[in-house]
Structures are given as C-alpha cells and as structure tokens.
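Heads up: the structure comes next, in structure tokens.
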Amino acid sequence: MTIATQTPQQREEILTIYERSRPGRRAFTPPALDVPDRPIDELIPARLRRAAPPELPEIAEPEIVRHYNGLSKRNFDLDSGFYPLGSCTMKHNPKLHERVAALPGNARLHPFQAPARAQGALELMWNLERALAEVSGLPHVSLQPSAGSHGELAGVLLTRAYHADRGDQRTLVLTPDTAHGTNPATVTMAGYEVVKVGTSPDGGVDLEDLRRKADDRVACLMLTNPNTLGLFDPNIEEIARVTHDAGATLYYDGANLNAVMGISRPGDMGFDIVHFNLHKSFTQPHGGGGPGAGPIAVSDRIEPYLMVPRITCAEGAGGGPPRFDLEDDRPKSIGRLRGFQGNYGVFVRSYAYICSLGAAGLREASEIAVLNANYLLALLRRPEIAPYLPLAYGERCMHEFVLSGAPMKRDLGIRTTDLAKRLLDFGYHPPTVYFPLLVEEALLVEPTETETRETLEEFAEAIGAILCEAAEDPAIAQNAPYSTPVRRLDEAAAARTPVVRQPRPT
Amino acid sequence: MSRYTSLTDDDLREMLAVIGASSIDELFDAIPAALRLGRPLDLPEGLSEQEVFAHLSAMAARNVSAEDEITFLGAGMYDHYVPALIDSILSRSEFLTPYTPYQPEISQGGLQVMFEYQTAISELTGLPVSNASLYEGPSAVGAAAYLAKLANGRRDVVVSRGVHPHSRATLATLAPGYGQSVVETPLTDGATDLAALEAAIGPDTTAVIVQQPNFLGAIEDLEPVVAAAKAVGALVVCSCDPLPLALLKTPGELGVDVAVGEGQSLGNRLDYGGPSFGFFAASQEHIRRMPGRIAGETRDVDGRRGFVLTLQTREQHIRREKATSNICTAQVLNALAGVIYLSWLGKRGAVELAELMARRADYARRALGAVPGVRALHEQPIAREFALALDASVEAVVERCAAEGVNAGYPLGREYPEYADGLLVAITEQRSRADIDRLADALGRAVAAESRTGSLAGSRA
C-alpha cells in the first residue's frame, strides 16, 4: 500500500500572491470618510492621474497570512540551524532586541521630532557612539551609514575630503586581493581607481608589493584585519607606517571585528577610519538581506569631515540631565549619505546587545568566536577530511578560516559547490563559497561564538560523511540537494531571459 | 559566560586540548603585544535581560512618539497604520534571521518575496524592472544619479528644489565621487519652475531629477519636464511617494527612466528614520545598469518553478570595481513589509486609501487655510501633504502646538529660506477630521499669540 502525502512545501508549483488573487476579495477596510466626498476629478485633474489602478493582489487576510507563512517555510534560517556563513557573523539574535525596538517610543518616533522631544533616542545614539568609539579605539563616530558598504563609501569620501582640504590631489586606493567585493566597488563610486596589493605566502599583505605601490598618488589603503583568510596580519604596524608615510589614510573594513572586540583595537593598530557592521559583530537579524547598519569611527584628523547631522551632548543646566541635540553646521562635513539619522531601529538592538554583554561580555564573545573557529578547524584537520579540504593559509585562525576544496575536486570529483549543496541535505547552511577569490574552490567558515561545541562536532561529522560518500559515489553530491523545496536552479537561464516580475494579467 | 554563549569549563578544557593550545590567549598570538588592549574596555558591566529592558524602556519613554501626540509631521516619513499581520509575518524567524539568499534551494521564500515585491513596485511605478530594495529614499536618488553616469556619462545632475532636502544633500555628497555637478532649479507656485528648468538643462545634463508629489506636497505636472529632459537627451529620474502612485500618472506612463523613492509609508514603522527601504525601478533598457539585488524566476533540475538572484554580474561580489553599485546588505525585511502591505491594501484598497488621503488633505488645507493668519502656500493639487504660510514664527507656533499635544508639522524654513513662513502638514489615514479640527484650533491660538503683523492682535491680551 502506498500512502499519499502532499505537504504545501512539496507541491509541484508554488503560486505567487498575484496568482492567488481573485477579483472582489480584500483585506483592507478604509476608515470611514468623515470629510466631504468630493469627486477625485476636482481634487486631482484626470490628466495627472494614471489610466488604470496598479494590479495589486485581491486577497483576504487569511490567505495573505497562509501565503507568507508558506513562503517562510521555504527558507532556512539562523533560528532553525547552524549558519556558518563566513564573513557574515551569523550569531544569535537575542529576542529581547525585537521587544525593545518595538516600544512605541522607538517604533513610532518621527525622525523630524524636535530633538528636545527625542532625548531618549539621541541619548541612546550618543551612548552607542561612545561604546563604538571605545571598541574601535577611535574617538569620533557617525552612526549614519546603512550597511558596511555604505560605511566604506563614507570612509573613502571622508578620505577624499581630507586630501582635498589639504590641497592634495590623489587618484588611487589600494585594496588587497583578498578584499570583499564591496571595497573595490566603493572605490570606483568614490571616484578613485583601484590598485590591488598582493598577498604574501603567509596570508598577510605582501609588504614588498605595498611598498612599491604606496606612493603620493595613493589616497587610502582599505584593509580587513583579521583579513578574509581569517588571519590577523602581524605586520599591521609596518603596514600602517608605510601607508601613513605615503600620506594615505588607512581604512578598516570592520566585517571581521567579531574576532577582536576588547582584545585589540583598530585605532591602536593605526587605522584612521573604521566601519562597523552592526548586523554582524553587534548582532542584528539579517532579515534575508538587511536591514543592517555601518557606523564609522574616525581619528581626530578625519573628524571635521564627518557626515551631518552630528549628535552633540551638553551638560544639563543646574545639574540637570545632559541635553542632546543634532547639529548640521559643520562647514567641512562631506554632508549626508542618506535621509534622517540612520537605521535607528538597528541602533536600538545593538545598544541593547552592548548593555547585555558589557565590557567583559564583548571580549568573551570574541574569545569564544575564535575558540569555536579553531575548534572546528581542528576537527576538520582529521586525516579523513584534511587531505581533501586543507587550510588555505597558516596553522590556526581567528574567528573564521578558509579551506581549499581543490584536492577534493581533484581526488573525489566533487567541487566546493557540490559539498555546499550536499550540506543542505544535512540541515546546514553552507559556509561562504568561492570567496576569497585567491583560494581555489574556497570555503570560508565562520561558526561564531553562539554555537555549542556539539553543533561544531556534528557539522564536522557531516563534512566527513559527505567526503566519505563522495569517495564511493561523487554523483550523490554532484546532484545534491534532494531534500529542499527546490533543487539546483537554472541560474544561466534566469540571467539570459530575465523574468523579474509577475506577468500582468491579460 | 554570557547568556548567548554555551561554553562550559569542561568544554573549554577539552576544546583547547583538541586544538593543541594551552589557553584562549594563545589563539591570539598573532596579535603583537603592543596592539593588545591590555585592559578591560571602558564600558559598563553587562546587565540581566530585565535590567536591559528597563533601561531601554526608560529611554524610549523620554521620546514623544506618534503615540503620545496628534502628529501632522511628515516631510518624507509618515505615521500610517501598520496592520497587525505585518508584525506577525515579519516576526517569523524564517524571514527575520537568514541572510542574503546565496543558497537559493533553501531561500525560496525570501527570493519569491523579492519577486513579488519587484512586481508590486513595477505595478506602482509603471516601469518593468524593479530591484529588491536599496537603503532608503535619499540614497536611492543618489543611486539613480550613478545609473545616469553609467548610461550617458554626462556631467550635470539637474535637480528640482521640490526634491526632498535630504535627497539633494545626499546627491551633493555623492556627486564629486561620481564626477558630477549638482544644479538645483527653483520652485514657482509650489511646483518646479519649468522655464528655469529648461534654462538649466542642456547637452551636459546627465539626468533631471524631480519628486512626485514634491516636498511641498504639490502634484507636479511632469509631462513638460520629461519632454524638456528628453529634448536634451538626459535621463529623467522621479522620486515618488508610493501611496499616491495608486492615483497618479505613473513614471512609466510619463516616460520617466528611473523611479525611486522612500518605502517607509508601505507598512514600515517610523523608527526615528530607519530602517525602512528605498525602491528603485527602471525602464527595460537600464536593467543591466541597475544597482542591488534582483530576483528572477527560473526552473530547477526537476522542472519545478523557483527563484534565484539574477543578473549578478552587475554586482560587487562578482564585478568588483566595475560593479553598478557597491551595495550588498540592503533592506529586504523592510521590503517584505512593503509587499505584505500592498497585498493587504490590494488593488481597490490602494486606490481607496489614496482617495481618502486626498479628500482629507483637501479638507485640511481648506480648514487650516481659513484660520486667521494662515493661508495655503500654494494651490497645486495635493495627495497627502501640503504647505501653509503662517503670519507668525513657524518654529514658535510649532512649539506652542506641541505644548497642547499637537505636532503641527514641519517648519519649511529649516531647509528653504525662501519659505521661512512655511509649515508642511501631512494627513495620513490616521488623522481624522476631528484631529484636523483640533489642529485648526491649536494653530489658530498659536498663530494669534505669535503673530508678527499684529493684525491678529484681537485675540491677544
């Protein structure tokens, strides 16, 4: 006897919300009209109006809820399983944070509310700025940028303003070949030309190459430390010296800050500008691709150019509480990078995180992040795994590490992407794949501090099992996954003939 | 050990043994001694969950939110009702806690949401291609200027002063990096001055940027603007308010190349200015110049329908310095709120809401314009927001109204010296006729008390 089953996730064809629409259904009831019912023609002339209403769905609340709940079940998420996506710091998102962000005093606060009536929000932002200044070792902070790449853009534009103010025309920005793609993309958008700096055999910046290229045309060196190979560059002081001797600024991509909070500070390493990814180091639900926030911290010499508005704090009159304000009048400022004060809801969550952990907790988070990464790395250096997936550089790592799948591809016939797809069947989100670019068949693994030892062990077991299985039959991984809502998708066809919206009803 | 980590003493000992290290400190050996902080961070000690909640609640209570006063404040972000189903769906961890859908097989929910969102934005704007979100409105305007650079490489961005001041400020920040200059053109009678615009554009104009409705709330007649821009071969970028778009001639119908805008009013909270999302839609010819993520439909190896991130060769992680944008993390969760909201409104509801706001705004402009010392700053058609001119110090009037629990709106003089007496008033569906009448009363008293000319002195002591 066969038992037929069909869960919504197993249905052949998923429907879009538009395909669930039926004329006449509705979810929204408008409030009663309590003003004169003037014909719209009298209010907005017909020549200014659209010919037909937008084809939005017609659907009642229960079906909207089922539709989106159904879609949610076709996602893997951090609250459901291990998500060692390198360079993304997928640490636990405390539930408290959603509650405090939703408090009406935060959620319904208008960004143009007079500062005198937004003192709590401004104090929170001030406190967060002070905390980030302390963690980075750089005294001045702007919370404004909305993501890491936005912070990078701020940093390079600040560099531009700094040099321009000194009458110094520079045209180049150096980035290591291990850099995140956002770095070179940012450089172009800020009007500079990218020059790549090589990586030495030990995984750090190639100092000789840097010395050759750091001349008076160079505006800035953008660096991640620990870098995207998961290695702290031990030559960072010399790198800073070479960069500063050339008259350039040193920019810190904070994507990997989770390795060093409370342990080592970019400001003390010689960096002039740092961006933080609040959605990484300071835990923010990643939302399927945002929101995040990318505050920056800068040294004294960069401070005059920071974005406006700045938050100011003045002592209260007569021993009263301090007064916080927003200040726009900064003649040398580069201006604004976005509307209003930034992603305040993100600030609330990260501030709550810092309050929860405190000084010792932040340091401990980094320590355990590094411990967990090294433990997982050690587990993956077992003889049944390591020959196929060797560590690309070095012996140990910081908070993440890069394996090369090149021997696996050669000896077992499965690529890094096959391993990643097979991991889906084991219930894991795979690590970052094919990044950094200089490692063949790269696998960038970042477990974070919020994972248990058991989770790391189970993950290592899964990797071992997949390699073992591939030795028997590589086709299993090559054709994976099998258990997911859909299997491998034809991305080439999607790019060749892009279908990027629901076709209009005919 | 913090409550978000699980490491026990036994774990630590055994894990170090497997690693072959004697201490955690040893794992940080690569960091030169001189670069070790060597002291605790100068931050307060950690707190229990309930203490953190109490601390943040006390701070939030010091803010005067839209819960605490009757607010007519808009100027780019609006106090719309956010339906409960949005909170419910957004709190699902499957939407809240994953990252960018790099593994499409386990991210079909998020990818399909992007596809549905892109469809909704395409419907609102009348343009065929939408991305999956940018940070927010003003930076989306900046992104449009970059698309213009990629499209025609000309020098001047000509922008109407009807465009949000923060959008214009953002453009001014970004333009030097793009190799562009920003040229602003004035308003007349509350709308873009066509003659001045025509005089400002020419063969060096890369794009003309306007806003619909503009910052003063006026619905612009964009046909001649588009014609003028096209005549010199410039792109037209329109920053749009998405809710009135249910009624207004679409950017697509007008021949606009790029429509961008602030998405907050689509189911997102005020959140003191963010996170919200920016939308970005364009005509087909610009699809490979678009910034940000784009989801596309495809099939899997078994022929099942599925969705992927597509046209990724535009993006920074592939294209690096030749990318069409540096954006990586955007505002996908906020865009999800946007598409749920638009589905909740639905085809008829979107029109009904826009009509309700237009009628209430019309009523409000008449009622407030009848207050002594108050007149409409312009008589252009309006959709939700409008500008008044006061015969009194606007800042002082706003302060007086605030003391009565009414937030009267946005003093235009902060950004527009030419409208020093201007007050911008927003009427969402949350402001009833009774609220509007209460504003009229409060405004009447405040303007009388603060009157500059003395012609209203009758009501003063």
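Laboratory data are not the source of any read-out in this text; all were calculated from the coordinates shown. Note that the structure is a prediction, hence the values are computed from the model and not measured. Positions of Cβ are generated from backbone atoms using ideal geometry, with glycine treated the same way; all protein chains shown enter the neighbour counts.
Okay, here's what the table says:
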{"read-out": "Within 10 Å of each Cβ in A:142-148, the average number of Cβ atoms from other chains", "value": "4"}
{"read-out": "Peptides ranked, highest mean first, by Cβ atoms within 10 Å: ranges B:170-178, B:48-56, A:112-120", "value": "B:170-178, A:112-120, B:48-56"}
{"read-out": "Alpha-carbon centroid distance for the pair region A:308-343 / region A:249-278, whole angstrom", "value": "24 Å"}
{"read-out": "Rel. contact order, % - alpha carbon contacts under 8 angstrom, at least six apart, region A:96-354", "value": "27 percent"}
{"read-out": "Other-chain or far-sequence residues with amide H under 5 Å of B:Gln212's (modelled H)", "value": "B:Ser239, B:Cys240, B:Asp241"}
{"read-out": "Computed over region B:275-375, Cα set: Rg, Dmax in Å", "value": "21.0, 72"}
{"read-out": "Considering only the protein assembly as shown, percent of DSSP beta bridges that pair antiparallel, nearest 5", "value": "60 percent"}
{"read-out": "Relative contact order [Cα under 8 Å, 6+ residues apart], chain B, whole percent", "value": "18 percent"}
{"read-out": "Calculated FRET efficiency for the pair B:Asp29/A:Glu491, C-beta based, R₀ 41 Å, to 0.05", "value": "0.45"}
{"read-out": "Taking chain A and dividing mean pair separation by its residue count, relative contact order in percent (alpha carbons under 8 Å, at least six apart)", "value": "18 percent"}
{"read-out": "5 angstrom amide H check on A:Leu85, placed H, neighbours 5+ away", "value": "A:Met90, A:Glu446"}
{"read-out": "Ascending count of other beta-carbon atoms within 10 Å, so fewest first, for B:Asp204, A:Asp325, A:Asp418, B:Asp302", "value": "B:Asp302, B:Asp204, A:Asp325, A:Asp418"}
{"read-out": "Average partner coverage of B:337-344, which counts Cβ from other chains inside 10 Å", "value": "5"}
{"read-out": "Relative intensity, log₁₀ I(q)/I(0), of chain B from a Debye sum that treats every alpha carbon as a point, q = 0.08, 0.13 Å⁻¹", "value": "-0.57, -1.19"}
{"read-out": "Placed amide H near A:Tyr393: partners under 5 Å, 5+ positions off or other chain", "value": "A:Val402"}
{"read-out": "Degrees between helix B:165-178 axis and first principal axis of chain B (Cα, 0 to 90, nearest 10)", "value": "50 degrees"}
{"read-out": "Order by protection proxy (mean Cβ within 10 Å, highest first), peptides B:304-311, A:140-147", "value": "A:140-147, B:304-311"}
{"read-out": "Where a label projected 7 Å from the Cα of B:Arg3 along Cα→Cβ would reach, residues of region B:42-62 with amide N under 12 Å", "value": "B:47-54"}
{"read-out": "Values of log10 I(q)/I(0), in the order q = 0.09, 0.13 Å⁻¹, for region A:1-152 under a Debye, Cα-only, solvent-free model", "value": "-0.68, -1.13"}
{"read-out": "Between helix B:108-125 and chain B: long-axis angle, C-alpha atoms, 0 to 90°, nearest 10", "value": "20 degrees"}
{"read-out": "Packing-based exposure ordering (other Cβ within 10 Å, fewest first) of A:His275, A:His97", "value": "A:His97, A:His275"}
{"read-out": "³J(HN,Hα), Karplus 6.51/-1.76/1.60, whole Hz, each residue of region B:436-446, x for Gly, Pro", "value": "5, 5, 5, 4, 4, 4, 4, 5, x, 5, 5"}
{"read-out": "Antiparallel bridges, percent of DSSP beta bridges restricted to region B:85-340 (to nearest 5)", "value": "45 percent"}
{"read-out": "Rh (Kirkwood; distinct C-alpha pairs) - region B:85-340, Å", "value": "18.4 Å"}
{"read-out": "Segment A:Ala386-A:Ala360, extension gain: residue separation times 0.36 nm, minus the distance between their alpha carbons", "value": "5.9 nm"}
{"read-out": "Gap separating the Cα centres of region B:73-144 and region B:145-167, nearest whole Å", "value": "24 Å"}
{"read-out": "Burial ordering of B:Lys249, A:Lys91, A:Lys73, fewest other beta-carbon atoms within 10 Å first", "value": "A:Lys73, B:Lys249, A:Lys91"}
{"read-out": "Mean projected area in nm² (Cα convex hull; one quarter of hull surface) for chain A", "value": "32.9 nm²"}
{"read-out": "Selection from A:Ile14, A:Ile354, A:Pro36, by position along the positive dipole direction of chain A (Cβ)", "value": "A:Pro36"}
{"read-out": "Estimated vicinal HN-Hα couplings, Hz - region A:491-506 in sequence order (Karplus 6.51, -1.76, 1.60; Gly, Pro = x)", "value": "6, 5, 5, 4, 7, 5, 10, x, 10, 10, 7, 5, x, 5, x, 9"}
{"read-out": "Using distinct alpha-carbon pairs, which all enter the 1/r mean, Kirkwood radius of the protein assembly as shown in Å", "value": "28.7 Å"}
{"read-out": "Residue-count net charge about A:Leu85 - beta-carbon cut-off 13 Å; Lys, Arg +1, Asp, Glu -1", "value": "-2"}
{"read-out": "Gained length - A:Leu326 relative to A:Ala164, 0.36 nm times residue gap less alpha-carbon distance", "value": "55.7 nm"}
{"read-out": "Whole-angstrom gap from region B:364-381 to region B:191-265, using each part's C-alpha centre", "value": "26 Å"}
{"read-out": "Peptide-level mean, for A:412-424, of C-beta atoms on other protein chains within 10 Å", "value": "1"}
{"read-out": "Phi to ³J(HN,Hα) by Karplus 6.51 cos²θ - 1.76 cosθ + 1.60 over region B:384-400, Hz, x for Gly, Pro", "value": "8, 10, 7, 10, 10, 10, 10, 8, 5, 5, 5, 4, 5, 5, 4, 5, 4"}
{"read-out": "Label point distance in nm, A:Glu193-A:Thr171, each placed 7 Å from Cα along Cα→Cβ", "value": "0.5 nm"}
